[in-house]
Every structure is written in structure tokens, then in C-alpha cells.
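Worksheet: one structure, shown below.
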Amino acid sequence: MVKFMFKCFVLCAILLFGILIGMQQANQGMIKMKGYNDPDLQSAFQVEKEHTGNVEASILGNKVTSQDLQKKQEQLEQIEAFNFFSQIGKQFASIISSGVSELLNTVARWVNVIF
């Protein structure tokens with residue numbers, strides 16, 4: 001199961017990377033077809049280094065900064081901290097796991113007594 005999930009993840013990553021490369025190639029083809037560089041045409045993935053040393057990235061025209069990523073990480077941590085259903089699910093799984101474990105131990109003891 002882990003091997004299958006790993007293969008699926010790798011395949012999806014390769015396909016996503018291929019899509020970004022294809023969009024970049026299409027953008028370059030549009031520039032060649034026009035014959036001049038149009039500032040309105042943006043590439044699929046851009047990385048620019050500012051004079052201050054900061055690196056700015058944009059994907060499909062949306063700027064991505066480290067501050068944005070930190071804000072999203074904080075939001076995810078807050079959501080996970082108050083996820084009531086996740087806690088109930090974890091407790092339910094532990095109860096079921098311990099119940100099945102006890103059931104198997106009981107069956108194993110009965111089999112040892114019989115044989």
C-alpha cells in the first residue's frame with residue numbers, strides 16, 4: 001500500500017512539473033509568434049531576486065512569499081488545534097484497536113487451551 005501511494009505521489013509530482021514546463025513553453029511560443037516581448041504575458045513560474053536580497057516567486061501570476069507561507073502554516077496549526085472530529089476519530093480508532101487486540105488475545109488463549 002505504501003509503495004502504491006509513493007508511486008501515485010511521484011506520478012502526480014511529475015505530471016504537475018510537466019504541466020508547468022508545458023505552460024512555460026507555450027508562453028515562450030506566444031512571445032516568438034508575436035515577435036516582441038509583451039509585458040502582459042507572464043510566464044507560468046517566475047523567480048526574481050530583488051536588490052535587497054529577497055527572492056520573490058510567482059506561480060501563474062500569483063506572488064508567493066515566505067510571509068504568506070508562514071500565515072498559512074499558522075492557520076493550519078490553529079485549525080488542527082481545534083479539530084473536534086479529528087480527536088473523536090482518534091479516540092474511536094484507539095478503542096477499536098484495543099478491542100480487536102483483546103479479542104485476538106482471547107481467541108489465542110482459547111486455541112492454546114484446546115490444543
On the basis of being part of a helix (DSSP H, G or I) and either exposed (fewer than 11 other Cβ atoms within 10 Å of the Cβ) or modelled with pLDDT under 75 (or both), does Q28 make the cut?
no
For region 36-72, what are the residues that are among the β-branched types (V, I, T), in a loop (DSSP other than H, G, I, E, B) and modelled with pLDDT of 70 or more?
T52
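The values are calculated or read from the model by the stated rules, or taken from the named source; none is laboratory data. Note that this is a predicted model, so its numbers are computed, not measured. Note that we place each Cβ from the backbone using ideal geometry, even for glycine, and neighbour counts take in every protein chain shown.
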